[in-house]
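These notes are about the structure you will find just below.
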Amino acid sequence: MSSSNTGLPLEGVRVVEFTHMVMGPTCGMILADLGAEVIKVEPPGGDKTRHLPGLGIGFFRSFNRNKKSVVLDIQTPEGLASARELIGASDVLIENFRPGLMDRLGLGHEALSRDFPRLITVSHKGFLPGPYEDRLALDEVVQNMAGLTYMTGPPGRPLRAGSSVNDIMGGMFGAIGVLAALRERERTGRGQAIQSALFENCCLLAAQHMQQFQMTGEVPPPFPARVSAWSVYDTFEVANGEQLFIGAVSDKQFLALCGVLGREDLAGDPGLATNAQRVARRPELLAELGRTLRAHAIDGLCERLQAAGLPYARVMRPDQLVADEHLLQSGGLVPMATDDGDTTQVVLLPLLMGGRRPGVRHPLAAVGEHTEEVLGRRTPAPQSA
């Protein structure tokens, strides 16, 4: 068990993490933010995720805070023996290696549980056991397999979601499994194997569309081609080429929008009195609103929409969120010291616990920074029968 004094709910829980990229590290980050001592085992030279280019450059900093770093070469007998000793002194093992690797190293759940019956293991894979289990998977692979790219892009142009949605959610489900397994261990005294997988995760994201098909017998159209339930629920171009989403999902909101835009003619049109009537004339109505909106500057328009209680949103880029007033003032975006001595802003878990936001407790660990600290102490293994 960890002896650190965090005051957080997972204080006293030790996690050893054999992960890279996004899914496994997300699981470890959640547990670390909630107070667990998370020890990230890196190979000699460090996790290759630390040095990814392009869209992967932010992976390591985003999903590895509040962890300790230990360097071990588990491909050597000495490194493997040290890893096993560390696992035996831990409550939870997280891994996201390709299927079968941990078993071949003797670090699979079945082998470990014989000596450490209280150990909880969490495996993050592409697929849960079944016909696909030996296939390699990536977020984009399962987005195509589970219909997410089909639903996101316009007809005939499947488009992946603009984030590692399944990797991140897969890590979340791994963490949920750990919390449940820790609770069950209090009752049974035994750990268990937990699995989380990209494909099944994405199928849950597509579940509403699967259910829609079963209820209607009709193939759901991609979101850009869907039949909207509301007449005004779209992104418009306003003055200076800026873009603004506006939703008016009730008769009252439609009248309020007409008031904001000075379109009393539309508010008084008996053919637009109900949502059903407006949906029937949606292309014509949106074109009319679009012509009006192009004359409005976005700042003043947003103020008037806010005052009228209407849903709206500027179309933002991720770089603009670094200065977002709500994220900053609510404490959801905070500074973190990095492994190279720099400082960066990181997004915290999107939850409050007892009125506080689990935050950054430690700088981002340098490669192997805690090897001597962790492996040099001889903590009695809490897994011993």
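The values are calculated or read from the model by the stated rules, or taken from the named source; none is laboratory data. Note that the structure is predicted; figures quoted are calculated from it, not measured. We place every Cβ from the backbone using ideal geometry, glycine too, and count neighbours over all the protein chains shown. Just so you know, the surface numbers come from the protein's heavy atoms only, side chains and all, with ligands and any DNA or RNA stripped out. Shrake-Rupley method; radii C 1.70, N 1.55, O 1.52, S 1.80 Å.
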Sum of side-chain charges, P131 neighbourhood, beta-carbon under 15 Å (Lys, Arg +1; Asp, Glu -1): -1
Which value does Rg/Rh take for the stretch 126-220 over its C-alpha atoms, Rh per Kirkwood? 1.08
Report ³J(HN,Hα) in whole Hz for each residue of the stretch 308-322, in order, from the Karplus equation J = 6.51 cos²θ - 1.76 cosθ + 1.60 where θ = phi - 60°; Gly and Pro get x. 7, x, 9, x, 7, 7, 5, 7, 9, 9, x, 5, 6, 5, 4
Run the quick spin-label model on A307 and L55: label points 7 Å from Cα toward the beta carbon, then report their separation in nm to one decimal. 4.2 nm
How much of the DSSP beta bridge set in the chain is antiparallel, as a percent to the nearest 5? 40 percent
Counting only helical runs of four or more DSSP H residues, what would the 222 nm mean residue ellipticity of the chain come to if each run contributes -39,500 (n - 2.57) and the total is spread over all its residues? -10500 deg cm²/dmol
Can you give me the relative contact order of the stretch 166-278 as a percent, contacts being Cα pairs under 8 Å and 6 or more apart? 15 percent
Equivalent ellipsoid, the stretch 1-99 (semi-axes from 5 times Cα gyration tensor eigenvalues, Å): 21, 19, 10
Would you grab the residues whose amide H sits under 5 Å from the one on Q195? Only those 5+ places off in sequence or on another chain, please, with H modelled 1.01 Å from N. S123
What helices in the chain pass both tests, a Cα length along the helix axis of 18 Å or more and a mean Kyte hydropathy of 0.0 or higher, using whole DSSP H runs? 165-188
Can you compute the FRET efficiency between K48 and V360 using 1/(1 + (r/R0)^6), with r the Cβ-Cβ distance and R0 = 30 Å? Round to the nearest 0.05. 0.80
Mean Cβ-within-10 Å packing, highest first, puts peptides 90-102, 350-362, 283-295 in the order 90-102, 283-295, 350-362
Starting from the 7 Å offset along Cα-to-Cβ, what nm value, one decimal, do you get for the label separation of V347 and R183? 2.7 nm
Looking at (1) 32, 27, 19; (2) 48, 24, 18; (3) 41, 24, 17, which value of semi-axes √(5λ) of the Cα gyration tensor in Å comes from a calculation on the structure shown? (2)
Return the carbon/sulfur percentage of the accessible area of the chain, one whole number, probe 1.4 Å, all protein chains in place. 56 percent
Amide H of S69 versus every other amide H placed in the peptide plane: which residues, excluding those fewer than 5 positions away on the same chain, fall under 5 Å? K40, E369, H370
Where only protein heavy atoms count, and the probe is 1.4 Å, what is the accessible area per residue for the stretch 253-295 in Å²? 49 Å²
What order, most packed first, do the peptides 314-327, 186-199, 113-126 have when packing is the mean number of other Cβ atoms within 10 Å of each residue? 113-126, 186-199, 314-327
Value of relative contact order over the chain, rounded to a whole percent, pairs C-alpha under 8 Å and six or more apart: 19 percent
Amide proton proximity set for I94, modelled H, under 5 Å, gap of 5+: V16, E17, F18, V122
Taking a probe of 1.4 Å, how large is the accessible area per residue of the stretch 164-209, in Å²? 48 Å²
Filtered hits (lysines, Cα-Cα < 26 Å from K48, offset >= 8 within chain) -> K40, K67, K68, K125
Whether the stretch 49-160 is rounded, prolate or oblate, judged on the alpha carbon gyration tensor where a/c under 1.5 counts as rounded: prolate
First check a/c for the stretch 72-120, with a ≥ b ≥ c the square roots of the eigenvalues of its C-alpha gyration tensor; if it is under 1.5, answer rounded, and if not, answer prolate when a/b is larger than b/c or oblate otherwise. oblate
Starting from the Cα of A297, step 7 Å toward the Cβ, then list every residue of the stretch 315-339 with an amide N under 19 Å from that point. 315
State in Å² the accessible area per residue of the stretch 1-123; use a 1.4 Å probe, count heavy atoms of protein chains only, and round to the nearest integer. 37 Å²
